[in-house]
2 protein chains.
Amino acid sequence: MHTPVSGFRFAAVASGIRKDGRIDTALAVADGPAVAAGLVTRNRVKAAPIVVASERLRAGSLRGVLVNSGCANACTGEAGLLAAKRATAAVAAELGVGEELIVPASTGVIGAVLPAEKIVARSGDLVRALSPAGVDDFALAICTTDRWPKVAEAVVEGPGGAARVLGIAKGAGMIHPDVGPPQATMLVFLFTDAKIPQSELARVLEPAGDRTFNAVTVDGDTSTNDLVLALASGASGVTPSGDALGAAFERVCRELARSMVKDGEGAQHVVDVCVSGLATEAEAREVARTVATSLLVKTALFGNDANWGRLLAAAGRAGVAFDPRRAGVRIAGVEIVRGGVTLGADAEAQAQKRMADAVEYAVELELGGGPGRFTYVTSDLGHGYIDVNAGYRS
Amino acid sequence: MHTPVSGFRFAAVASGIRKDGRIDTALAVADGPAVAAGLVTRNRVKAAPIVVASERLRAGSLRGVLVNSGCANACTGEAGLLAAKRATAAVAAELGVGEELIVPASTGVIGAVLPAEKIVARSGDLVRALSPAGVDDFALAICTTDRWPKVAEAVVEGPGGAARVLGIAKGAGMIHPDVGPPQATMLVFLFTDAKIPQSELARVLEPAGDRTFNAVTVDGDTSTNDLVLALASGASGVTPSGDALGAAFERVCRELARSMVKDGEGAQHVVDVCVSGLATEAEAREVARTVATSLLVKTALFGNDANWGRLLAAAGRAGVAFDPRRAGVRIAGVEIVRGGVTLGADAEAQAQKRMADAVEYAVELELGGGPGRFTYVTSDLGHGYIDVNAGYRS
């Protein structure tokens, strides 16, 4: 069980949105007004709950978040907006707070309108179940194809004491987040009891999200529902520096992001694609992203194939200038390419053995002498991914 | 058997580069100097044969092309360049022409140096086998994971008669060509007996390639070896207009490009992703490209799932502005989304039945009232792709 964060309570119930009867509706509520900031998908097609949450986030203060799995409520037009509002209004009424203080979040199949009446019918039970100890129920209820719930914690020191950060996330497919200041099949909720001004919370959330979630990929698809929401209750009475809180957010986000990749649909490995030696970090990021999302690379990783040719070919199509004759490649710590050419079959065989044995390893591409470096986290892609995604709706 | 194009002879032999003993080395030769133009991969990592071919293409005149399968001779440094030159020199010597008049092209595994000595040993046999009737041998020898050889033909009228265009291609994986004026697991060779100035040949080749090969995708990976080479013998004595020749090139290239997608590794369907209603063709192309390369879309196509939510979600992340509330979707001729929302389960079921029954169909996304439209050709992606690519080198 996870330690509660002071000032917050959590609960989950089965509303019958999911056909399998699992808990599917989660609520997190602050005891009083909480300072709020969020990042939402940059996808042009934004799900109804994202539209509603974006509006409500503008005030910078919220009381809670209502999350359901089983239905993304995306591409549902006016009916979807109304459903998101009806569900949050019912929960707000049970809590005795204004409906604009509860933001909705949804994950699941695209194209079906949220069956709000199912949540309305259980809203009383949901509110009554709220408890500081409800973290694990909350984390489980928001899972869809996830194989495990994702929770991470950090402590941040401030004058006079320590505040806590609790992160809860879901995400295993349609993972290639691209979130900005107000998307989710990735849903991330950060709860802290730090006392922090809204402007400071918003300022530190964006880089923490950008350096972590925006640097992982399962399938290169950015969802219509991605949301990162931070709520600060202030209940610890501790005011850490913004930078300290940002660093704690980044640690929690990194752990959650990595857990999502590890849980990538059908994935057997978590692979850090580390690109270095380019002129700028932006260039290194573009190359790392291209390699990390290459299907030929990801299927080679699935096959435990130290296929450095595919690595360099993917790097080469990123649109970034480098000299292939200076390229070096290291897989799982084994150097297999130097000066653009192979170090031979023995090195490759050694790398392949390590790939097969390790759950997590790094692929390092050194592409020159420049200072620019960036690491993207990816997974292998094999039959499990196809099985999950070719039959998801049936 | 395919009709020869006057002024050209073709041959293929087994040099033992491929372990399975199949014919793997092909030669096409013009009877005299041929006007030449080429497009090569824009990948920064260019295979040795691409480097050599680019140099030799500068002269605008060639005698022939030497192609091998089984080894891409990519990422092979100086040794790779030397090997490409040794192989072409041996063939040129047998032909009695300057080595700079024969361009090399290679396809196969990346990272191994071309075993030039194997080609040298068979160069005499290869030249002696040259025949106008050798087209089918040539087409077969350049195949790797292709399930069938790819040949297309067109006739182009000019004053006083007709000239012919013969296209031969290979390509089934690592297909997401991005070729420009001087990449290949896609190799395309266009032979014509038209009499055409080099400047005109070069001018019409680029748009023909851009509108066809650069608008198809199997896996989103752009190869280090892609090459489109056009040779004009002039032997027909007919000089068509550049536009007429360009149109004939485009017809041949479109047929070859479609054949490559149909042969996409593990593919069961060829799907035209038609995007319309955007402000410009460039915007429509970007959206069509994003949808056509989306893994979630391609796995849904594999599952015969009319998953329009994934279509719209992919369109939404293309970075192009449109109003999802105006979006319409039609799959295999069945309208399933209007005004951004579903037309119901019956329409989707009908679309799914047609998807399952058809080898080729269209996915149409109408995203507004603008004039911009573009069609990208893609394939579904399933277990066959994983099998081919996770174990390719073993």
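The values are calculated or read from the model by the stated rules, or taken from the named source; none is laboratory data. Computed from a predicted model, the values in this text were never measured in an experiment. For neighbour counting, all protein chains shown are included, and Cβ atoms are generated from backbone atoms with ideal geometry for every residue, glycine included.
What the table shows:
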| read-out | value |
| --- | --- |
| Residue identified as away from chain B (no Cβ under 14 Å) and surrounded by fewer than 24 Cβ atoms within 10 Å (Cβ to Cβ) among A:Ala87, A:Ala92, A:Ala79 | A:Ala92 |
| Residues of segment A:38-69 satisfying the condition of being within 14 Å of chain B (Cβ to nearest Cβ) and either over 19 Å from A:Ile142 (Cβ atoms) or not in a strand (DSSP E or B) (or both) | A:Arg42, A:Asn43, A:Arg44, A:Val45, A:Lys46, A:Ala47, A:Ala48, A:Ile50, A:Val51 |
| Some residue of segment B:363-374 being under 30 Å from A:Glu265 (Cα atoms), assigned to a loop (DSSP other than H, G, I, E, B), within 12 Å of chain A (Cβ to nearest Cβ) and at pLDDT 90 or above | no |
| Matching residues, segment B:188-211, being modelled with pLDDT under 90 and under 11 Å from the mean Cα position of the chain (by Cα) | B:Gly209, B:Asp210 |
| Tally of residues being within 16 Å of the chain's Cα centre (by Cα), closer than 30 Å to B:Ala321 by Cβ and crowded, with 24+ Cβ neighbours inside 10 Å across segment B:224-279 | 2 |
| Residue pairs meeting the criteria (Cβ under 7 Å; at least 6 apart or on separate chains; first polar (S, T, N, Q), in segment B:29-50; second assigned to a strand (DSSP E or B)) | B:Thr41/B:Val179 |
| Qualifying residue in segment A:308-326 (condition: among the β-branched types (Val, Ile, Thr), at the interface with chain B (Cβ under 9 Å from one of its Cβ atoms) and part of a helix (DSSP H, G or I)) | no |
| Any hit, segment A:139-149, residues being under 19 Å from A:Val5 (Cα atoms) and touching a helix residue (DSSP H, G or I) at 6+ places or on another chain (Cβ under 7 Å) | yes |
| Meets criteria (in contact with a strand residue (DSSP E or B) (Cβ under 9 Å, 6 or more places away or on another chain), within 14 Å of chain B (Cβ to nearest Cβ) and either aromatic (Phe, Trp, Tyr) or not in a helix (DSSP H, G or I) (or both)) for A:Gly266 | yes |
| A:Ala121 being out of contact with any helix residue (DSSP H, G or I) (no Cβ under 8 Å at 6 or more places or on another chain) and under 24 Å from A:Gly234 (Cβ atoms) | no |
| Flag if A:Arg317 is under 20 Å from B:Ser223 (Cα atoms) and modelled with pLDDT under 90 | yes |
| Residue selected from segment A:270-293 under the condition in contact with a Lys or Arg (Cβ under 9 Å, 6 or more places away or on another chain) and of a type in the set (S, T, N, Q), by the criterion nearest to the other protein chains (Cβ to nearest Cβ) | A:Thr290 |
| Test for B:Leu296: is it out of contact with any Pro (no Cβ under 9 Å at 6 or more places or on another chain), within 25 Å of A:Asn225 (Cα to Cα) and more than 8 Å from every other protein chain (Cβ to nearest Cβ) | no |
| Lone unmet requirement of (1) within 14 Å of another protein chain (Cβ to nearest Cβ); (2) in a helix (DSSP H, G or I); (3) not polar (S, T, N, Q) for B:Asp305 | (2) |
| Leading residue by the ranking (farthest from the other protein chains (Cβ to nearest Cβ)) among those in segment A:123-153 that are in contact with a Gly (Cβ under 8 Å, 6 or more places away or on another chain) and of a type outside the set (Ser, Thr, Tyr) | A:Glu153 |
| Per-region count, segment B:133-146, residues surrounded by fewer than 18 Cβ atoms within 10 Å (Cβ to Cβ) and assigned to a helix (DSSP H, G or I) | 1 |
| So A:Thr342, is it hydroxyl-bearing (Ser, Thr, Tyr), surrounded by fewer than 23 Cβ atoms within 10 Å (Cβ to Cβ), at the interface with chain B (Cβ under 8 Å from one of its Cβ atoms) and touching a Gly at 6+ places or on another chain (Cβ under 8 Å) | yes |
| Total residues in segment B:200-251, condition part of a loop (DSSP other than H, G, I, E, B) and hydrophobic (A, V, I, L, M, F, W, C) | 3 |
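To keep it simple, each residue is scored yes or no on (1) at pLDDT below 95; (2) surrounded by fewer than 22 Cβ atoms within 10 Å (Cβ to Cβ); (3) not polar (S, T, N, Q).
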site	(1), (2), (3)
B:Leu39	yes, no, yes
B:Ile50	yes, no, yes
B:Cys71	yes, no, yes
B:Val109	yes, yes, yes
B:Lys118	no, yes, yes
B:Ala121	no, yes, yes
B:Ser131	no, yes, no
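Residue-wise test of (1) within 30 Å of B:Arg326 (Cβ to Cβ); (2) at pLDDT 95 or above; (3) outside the structural domain of A:Leu101 (by TED's automatic domain parsing); (4) of a type in the set (A, V, I, L, M, F, W, C).
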position: A:Asp20; (1), (2), (3), (4): no, no, no, no
position: A:Thr25; (1), (2), (3), (4): no, yes, no, no
position: A:Ala30; (1), (2), (3), (4): no, yes, no, yes
position: A:Arg42; (1), (2), (3), (4): yes, no, no, no
position: A:Val45; (1), (2), (3), (4): yes, no, no, yes
position: A:Ala53; (1), (2), (3), (4): yes, yes, no, yes
position: A:Ser61; (1), (2), (3), (4): no, yes, no, no
